[in-house]
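Single-structure report; data block below.
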Amino acid sequence: MAADAPGATRGSYRRSPAARFALWARRLGWRHVVMIVVAAFAIFPVLFVVSAALNPLGTLSSAQLWPTGASLANAQDLFRNTPFTTWYANSLFFAVSNAAVTVLLSALAAYAFSRMRFRGRRVGLVGLLVIQMFPQFLAIVAIYLMFSNIGEIWPVVGFDTRWGLLLVYLGGALSINTWLMKGFFDTVPKELDESAQMDGATHAQVFFRIMLPLVTPVLAIVGLLVFISTINEFLMASVFLRDTDAKTLGLGLYQLVESQRNANFGMFSVGAIMLSLPTLAVFWFLQRYITEGLTSGAVKG
Amino acid sequence: MASKNHDSAGAPTTGAPARPPLPGGRFAGGGSLGGQILKIALLSLFTAVGVYAALPLYVAGNWLGIAVVAAVVALVYWIYLSKRTVPAKYLLPGVLFLIAFQILPVLYTMSTSVTNLSDGHRGGKEQAIAAIEAYSVSRPEGGAEYTLTVATTGSPETGDLVFLLTDGEGNTYAGDSEGMTELSGATVDPGSGKVTEAFGYTLLTPAEVNARSGDLEDFAVPTGDGTGIRASGLSAAFEGTATRVYDEECDCITDSATGEVYHADEERGAFYNDEGQRLAQGWQVGVGFDNFARFLFNPTFAGSFFSILVWNVVFATAVTFLVFAVGLAVALTLHVPKLRGKTAYRLLVVLPYAMSSLAMYLLWRDMFNTDFGLFNQLLGTEVDWLGDPWTARAAVILANVWLGYPYMFLVATGALQAIPRELGQAAQLDGAGPWQAFRHVTLPMLMVAMTPILISTFAFNFNNFNAVWLITKGGPFSPDDPTAGATDLLITYTYRMAFSEATAQYGYAAALSVMIFLVVSVMSVVSLWRSKTLKEVD
């Protein structure tokens with residue numbers, strides 16, 4: 001063994017180009033092949049939707065994987081023939097307000113669970129976990145029946161209104177996300193808020209001035225996850241929003257291809273890209289938090 | 001840690017210790033002036049909302065509702081003004097929403113699941129009788145006639161129908177399924193007699209009326225004992241007498257035209273004649289566990305229920321396994337110190353995750369389209385991908401793998417980076433091959449981090465409504481069982497039963513929801529037990 005070793009080392013300096021290529025292929029080359037295949041699988045639907053959005057004919061049958069022409073005709077049609085801006089505004093309203101309020105409610109609860117000791121704390125934490133087994137949308141029949149009555153008494157939160165659906169979404173504000181936040185709050189040293197209390201800060205001041213700035217990453221990741229899941233929510237929105245003008249962009253796109261699958265595909269593609277833009281944007285701005293947040297156990301809805 | 005003494009915390013204490021173990025008692029009292037003002041402002045705002053919510057309840061005479069509103073407002077005041085309730089101050093907002101829109105609906109689902117609530121079994125018995133009598137109205141000689149304008153309360157597509165009626169003298173009335181009231185302040189077109197504007201009602205265009213002709217056919221305005229108003233065409237209505245009349249003595253309905261007698265069946269909530277034929281309008285009654293029994297024991301329904309359940313489990317398992325396998329494979333491929341273009345690969349590979357999943361499901365559906373879809377176009381085939389049970393199942397799984405693997409890739413990358421590379425290298429020095437080193441050293445450590453994620457991915461996909469509904473709507477449906485499709489998940493089956501069929505069957509749908517609860521709970525308890533999450537709660 002000892003006698004072989006120097007020879008082997010020297011040999012590695014004198015490899016022929018073919019051997020070097022073989023070594024490269026064995027170490028790194030196959031990785032490029034795998035990644036090119038996976039990347040092709042990942043991007044071909046995206047490429048197709050972009051190409052269909054630019055396709056001047058605007059039909060599904062004429063859409064190609066690679067763009068054959070570029071025109072904004074589909075986008076113009078979408079703006080002219082459908083209440084696109086209303087739909088888009090509705091989608092963004094639900095996604096932004098649900099994300100913002102959920103982050104606030106969840107952070108408040110996580111602060112209490114992380115920093116205070118009170119009767120019922122353990123029960124509350126386990127209870128939150130147990131409720132996760134009953135996803136809200138499973139109770140959609142009951143929610144529908146409830147809101148049939150609620151809408152008669154308070155039309156402002158009935159069907160086809162923004163506030164009604166937002167209330168329902170907020171029912172899911174305390175969830176596994178609260179656990180995620182509580183775990184993150186626990187990592188902030190207690191000495192920080194204790195010293196602030198020594199200086200006379202109230203619990204509210206500790207929460208808003210000291211805790212919140214320190215846990216920004218987890219607030220960002222929870223906000224991102226709620227934003228994404230709300231903008232893609234279909235089930236409850238389809239039950240609540242029947243009126244064309246009350247629909248979210250997702251529901252509107254569904255209706256668009258449901259009625260005229262072939263002819264409306266160009267408009268649908270533009271809408272699909274528009275619906276993905278906010279998600280892409282949040283992803284881009286929050287990318288440094290994503291891996292960290294995801295590994296702590298959050299699930300995209 | 002503080003958790004040791006938390007049992008006593010929160011209990012009322014007599015005699016103040018040096019550091020009172022009140023919840024949050026270690027915090028200073030009072031606060032800044034701005035904070036106090038904000039608190040007062042928020043409480044006033046909340047009171048205003050409470051009063052606003054109570055007013056319609058007062059008008060409707062719903063005293064129970066007012067009591068609930070008052071109790072919630074009182075609770076909020078107590079919690080935010082007391083110094084002893086610091087944790088509750090932080091928990092209350094979220095908990096209120098949780099109770100109102102998650103816990104109550106779950107309980108309501110359970111109570112609905114033991115009733116026959118459905119179209120045709122909605123209200124009480126009196127409403128059913130009124131509807132039956134009004135519906136049987138036939139046109140007598142010389143009965144009152146009205147000019148009809150069809151309207152709704154709310155949106156044209158879904159609002160409750162209302163008849164706006166103009167009689168010969170030009171008086172206007174509004175009639176709904178409860179009865180007829182005088183309508184003041186409506187604008188009437190002098191020529192046709194039609195109402196052109198009425199406050200609080202949405203007037204329907206002829207096209208919108210046509211779209212609801214089914215509802216219109218079943219609609220009648222009860223106007224008193226055995227009389228009612230029905231539409232005749234789109235712009236006329238007549239008042240007539242009912243041919244079917246309820247008699248309290250025998251608790252039955254007699255059809256004077258045919259002589260048939262329909263007796264009330266309190267167990268099934270409808271009127272049946274001797275041949276077992278029923279009248280369409282029934283009422284809501286409790287049916288015990290009949291709804292559940294139907295899915296478990298009735299041969300046809302149990303057949304579809306169990307085949308859906310099996311596919312549901314297979315679907316969730318297959319998607320979870322495949323996204324994990326692909327995601328991990330990609331993560332391992334990129335897990336080398338130096339690889340040219342690594343960042344570019346990462347960005348491209350994560351792209352599906354950053355797209356809107358709702359839109360992408362619809363996109364996949366269209367790519368699988370037989371006549372115009374991309375796959376048939378590229379392959380030059382004419383396969384009806386979504387029309388055959390097995391290709392449809394494969395298509396649904398494929399679309400979900402596309403959407404789901406980037407998430408697993410991100411998670412697996414994070415987990416791999418946390419495992420010291422030396423461990424694998426040490427194993428290889430000890431004579432293990434790369435595969436063995438991965439299989440026996442890296443993978444077990446990886447699974448520790450990945451197991452909770454895999455469980456939650458499984459639970460998420462088990463009820464992944466969008467994944468199936470947006471691609472196949474549960475189909476394809478076989479001719480011998482048109483209610484259950486080949487790709488149906490339990491949740492899509494439930495949804496179709498309640499919201500997407502001609503007659504909505506809320507009772508059955510609620511029973512199905514409860515059964516999904518049970519299935520998911522059993523699986524979650526088992527998995528949580530095994531991962532010991534519950535034991536580590538601190």
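The values are calculated or read from the model by the stated rules, or taken from the named source; none is laboratory data. What you see is a predicted model, and the numbers here were worked out from it, not measured in a lab. Reconstructed Cβ throughout: ideal geometry from the backbone, glycine too, with neighbour counts over all protein chains shown. Areas reflect the complete protein model, heavy atoms only, side chains present, ligands, DNA and RNA absent. Shrake-Rupley method; radii C 1.70, N 1.55, O 1.52, S 1.80 Å.
For the reader, a short list of remarks on this structure follows.
- Counting only protein heavy atoms and using a 1.4 Å probe, the accessible area of B:Glu169 comes to about 150 Å².
- For B:342-355, mean number of other protein chain Cβ atoms within 10 Å: 6
- Remark: the B:Asp119-B:Asn210 segment gains 30.7 nm on full extension, using 0.36 nm per residue and subtracting the alpha carbon distance.
- Inter-label distance for A:Asp243 and B:Ala432, nm, one decimal - labels placed 7 Å from Cα along Cα-to-Cβ: 6.4
- Once the Cβ-Cβ distance of B:Thr153 and B:Ala100 is raised to the sixth power relative to R0 = 25 Å, the FRET efficiency obtained is 0.50.
- Near the amide H of B:Val188, within less than 5 Å, lie the amide hydrogens of B:Thr196, all on another chain or at least 5 residues away, with H placed in the peptide plane.
- Rounded, prolate or oblate (a/c below 1.5 giving rounded, otherwise prolate when a/b exceeds b/c) for the range B:31-112 by Cα gyration tensor: oblate
- For A:Ser71 and A:Gln260, a Förster radius of 22 Å and the Cβ-Cβ distance give a FRET efficiency of 0.70, rounded to the nearest 0.05.
- Computed over chain B, relative contact order equals 14 percent, with contacts defined as Cα pairs under 8 Å that lie 6+ residues apart.
- Placing dummy labels 7 Å off each Cα toward the beta-carbon, the span from B:Leu234 to B:Arg139 is 1.8 nm.
- Estimated vicinal HN-Hα couplings, Hz - the range A:155-161 in sequence order (Karplus 6.51, -1.76, 1.60; Gly, Pro = x): x, 5, 10, x, 4, 6, 10
- Based on DSSP H segments of at least four residues, each scored -39500 (n - 2.57), chain B has a per-residue ellipticity at 222 nm of -16000 deg cm²/dmol.
- Calculated FRET efficiency for the pair B:Val68/B:Ile40, C-beta based, R₀ 22 Å, to 0.05: 0.35
- Cα-based shape type of the range A:219-290, given that a ≥ b ≥ c are square roots of the gyration tensor eigenvalues and the cut on a/c is 1.5: oblate
- The B and A chains share an interface that buries close to 10300 Å² of accessible area, total over both sides, probe 1.4 Å.
- Environment charge of B:Leu334, counting only residues whose C-beta is closer than 10 Å and scoring Lys/Arg +1, Asp/Glu -1: +3
- Heavy-atom accessible area, probed at 1.4 angstrom with all protein chains present, ranks B:Val525, A:Val34 as B:Val525, A:Val34, highest first.
- Shielding of B:363-372 by partner chains, average beta-carbon count, 10 Å: 5
- Listed peptides A:187-194, A:153-160 by packing density, highest first (mean Cβ within 10 Å): A:153-160, A:187-194
- Proximal charge balance of B:Leu446 [Cβ under 14 Å; K/R count +1, D/E count -1]: +2
- Between the range B:241-307 and the range B:153-186, the alpha-carbon center distance in angstrom: 31
- In terms of distances greater than 29 angstrom between alpha carbons, the cross-link table entries A:Lys182/A:Lys247; A:Lys190/B:Lys83; A:Lys247/B:Lys194; A:Lys190/B:Lys39 yield A:Lys182/A:Lys247; A:Lys247/B:Lys194.
- Largest accessible area first, the listed residues B:Asp366, A:Asp199, B:Asp176 line up as A:Asp199, B:Asp176, B:Asp366 when surface is computed with a 1.4 Å probe on the assembled protein chains.
- Stretching A:Phe208 away from A:Ala100 to a fully extended chain increases their span by 37.4 nm, per 0.36 nm per residue minus the current alpha-carbon distance.
- Table column - 3J(HN,Hα) (Hz), the range B:71-85, Karplus curve with 6.51, -1.76, 1.60, x for Gly and Pro: 5, 5, 4, 4, 4, 4, 4, 4, 5, 8, 9, 7, 8, 8, 10
- When you count the other C-beta atoms within 10 angstrom of each residue and take the mean per peptide, B:505-516, B:319-330 line up highest first as B:505-516, B:319-330.
- Residues whose amide H comes within less than 5 Å of that of B:Thr483, counting only those at least five positions distant or on another chain, are absent (H built at 1.01 Å from N in the peptide plane).
- Estimated inter-spin distance, A:Arg80 and B:Phe306, nm [label 7 Å along Cα→Cβ]: 5.8
- Tensor-based shape of the range B:123-217 (alpha-carbon gyration tensor, a/c under 1.5 rounded, otherwise prolate or oblate): oblate
- 10 Å Cβ neighbours from other chains, averaged over peptide A:228-235: 5
- Stretching the chain fully between B:Phe499 and B:Val383 yields a gain of 38.7 nm (0.36 nm per residue, less the alpha carbon separation).
- Phi angles across the range B:382-394 convert, under the Karplus curve 6.51 cos²θ - 1.76 cosθ + 1.60 with θ = phi - 60°, into 3J(HN,Hα) values of 10, 7, 8, 3, 8, x, 9, x, 6, 5, 5, 4, 4 Hz, Gly and Pro given as x.
- Computed from Cα positions, the angle between helix B:125-135 and the longest principal axis of chain B comes to roughly 60 degrees.
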